[in-house]
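To keep things clear, I will list the structure first and then write my remarks on it.
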């Protein structure tokens, strides 16, 4: 089987059920998910010691769930097929955020992205996730979408933030607080 088809040489690509321009809002949305998935894969390469076995498992699950989200956004006729992204995926992320947060020191200020290379990569994932969420919201303004995808991406960015902090903590690297701002968190997890 050849990897190239030449069918996109004219600037069009296939959705599930239609052909559209490659700059279509739907293609932009699931393409950003693909970019995020690649960055998650890169972050996994930085988490190669046994301290991160649980985080690697969670990030691998995220990669599969991102494919599910992309599939849900690629439907030209949403509702014709059952969606793959469900509320259970959002709930799983919430449980994992709580799991990792239990081992972290409370935060009082915003955290600067960085610290260890692993944490830095997870922060990049978080920012790409936020962009993917914005693209999905823009798509939802024009077309019907699985609303669970938007919920999932919103929660995923929180998970990636928590994962970045966890990577630093397990490596013994302190998070760097943004010192020019006031304290914005009351109990470490609530915005003032």
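Every residue, every condition in (1) surrounded by 18 or more Cβ atoms within 10 Å (Cβ to Cβ); (2) over 14 Å from the mean Cα position of the chain (by Cα), yes or no:
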residue	(1), (2)
98	no, yes
103	no, yes
128	yes, no
132	yes, no
142	no, yes
146	yes, yes
175	yes, yes
184	no, yes
Tally up the residues in region 35-54 that are in contact with a helix residue (DSSP H, G or I) (Cβ under 6 Å, 6 or more places away or on another chain) and either buried (at least 18 other Cβ atoms within 10 Å of the Cβ) or without any contact (Cβ under 8 Å) to a residue 12 or more places away in the chain (or both), please. 7
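Given the criteria closer than 19 Å to residue 64 by Cβ, surrounded by 15 or more Cβ atoms within 10 Å (Cβ to Cβ), touching a helix residue (DSSP H, G or I) at 6+ places or on another chain (Cβ under 8 Å) and at pLDDT 95 or above, does residue 124 qualify? Show your work before the answer.
Working: closer than 19 Å to residue 64 by Cβ: no; surrounded by 15 or more Cβ atoms within 10 Å (Cβ to Cβ): yes; touching a helix residue (DSSP H, G or I) at 6+ places or on another chain (Cβ under 8 Å): yes; at pLDDT 95 or above: yes.
In short, no.
The values are calculated or read from the model by the stated rules, or taken from the named source; none is laboratory data. These numbers were taken from a predicted model, which means no experiment stands behind them. Note that we place each Cβ from the backbone using ideal geometry, even for glycine, and neighbour counts take in every protein chain shown.
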